[in-house]
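The values are calculated or read from the model by the stated rules, or taken from the named source; none is laboratory data. Note that the coordinates shown come from a computational prediction; the quantities given were computed from them, not determined experimentally. Note that each Cβ is placed from the backbone with ideal geometry, even for glycine, and that neighbours are counted across all protein chains shown. Please note that ligands, DNA and RNA were not included when accessible areas were found on the heavy atoms of the full protein model with its side chains. Shrake-Rupley method; radii C 1.70, N 1.55, O 1.52, S 1.80 Å.
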Amino acid sequence: MSDLHIRGATPSDIDTVLRFWRAAAEGTSISDDHDGVARLVARDPEALLIAEREGVIAGTAIAGFDGWRCHLYRLAVHPDHRRQGIGSALLAAAEERFVGLGGRRGDAMVLDRNEQAHHAWRAAGYAPQPQWSRWVKHLAD
C-alpha cells in the first residue's frame, strides 16, 4: 500500500470525484452535484478523503464531524481497486481524523441492498443498530 496516498479534497477535485462516484459508488444522493460537494469542501476541507494511486482516484470517504458525532458517507472504492486494502486505509484515516477531533463513535450510512459493503463494514468492526432507523426529509429538490 506504499503507493497509496490519502489526502483531503480540494475544489479542483470536485468534478473528478463526481465522475468517480458514478463509476464506483452504490446509489446517488440529492447532494451528488457540484454545488453540494463544493459546500462540503468549503465547510470542512479535510472531510472528503481521497485515496489515490499514481494520481488517479482509487477510493473516497466522507468523514464528517459535527462536534458531537462522527459520520461516514461515500466510502467507495473503484471496482478495479477493490480487495486491495483501500477501503480499510480510508476508514483508518477517517477514524484517525475523528479521534484527533475528539470523536468517540463513528456511524456509517450503508445501503441495505449493498451486501458487499456490509461485509467490508463488519470486517472493519462496524455493526448495524437494528433499534435505529434513518428518518429523512428532503429540504430542496
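Worth a mention:
- Rg/Rg_ref, the stretch 92-141, where Rg_ref = 2.2 N^0.38 Å and atoms are Cα: 1.39
- Taking trypsin sites (Lys or Arg not before Pro) across the stretch 108-141, the ones in a DSSP loop with at most 15 further Cβ atoms lying within 10 angstrom of their Cβ are ARG113, ARG134, LYS137.
- The stretch 1-122: relative contact order as a whole-number percent, Cα under 8 Å and 6+ apart: 24
- The portion of the accessible surface of the chain made up by carbon and sulfur, rounded to a whole percent, is 51 (1.4 Å probe; DNA, RNA and ligands excluded).
- Normalised per residue, the accessible area of the stretch 31-141 is 68 Å², obtained with a 1.4 Å probe and no contribution from ligands, DNA or RNA.
- Annotation note: GluC sites (Glu not before Pro) in the stretch 1-73 located in DSSP loop regions with a Cβ neighbour count of at most 11 within 10 Å are GLU54.
- For the chain, the dipole from Cβ point charges (+1 on Lys and Arg, -1 on Asp and Glu) about the Cα centre works out to 420 debye, to the nearest 20.
- FRET efficiency, 1/(1 + (r/R0)^6) with R0 25 Å, evaluated for GLU115 and GLN84 via beta carbons: 0.80
- Local charge for ALA92 was computed over the other residues whose Cβ lies under 15 Å away, with Lys and Arg +1 and Asp and Glu -1, and equals -1.
- Mean Kyte hydropathy of -0.5 or more with a Cα span along the axis of at least 20 Å, helices from DSSP in the chain: 86-101
- For the stretch 1-98, applying the loop criterion from DSSP together with a ceiling of 13 other beta carbons within 10 Å to the trypsin sites (Lys or Arg not before Pro) yields ARG69, ARG83.
- What you get for the stretch 96-141, charging only the Cβ of Lys and Arg (+1) and of Asp and Glu (-1), is a dipole of about 160 debye around the Cα centre.
- With the largest listed first and rounded to whole Å, the semi-axes of the equivalent ellipsoid of the stretch 50-95 from the Cα gyration tensor are 22, 10, 8.
- Answer label, with Cα extents along the principal axes in Å calculated from the coordinates and candidates (i) 56, 38, 26; (ii) 44, 24, 24; (iii) 43, 35, 32: (iii)
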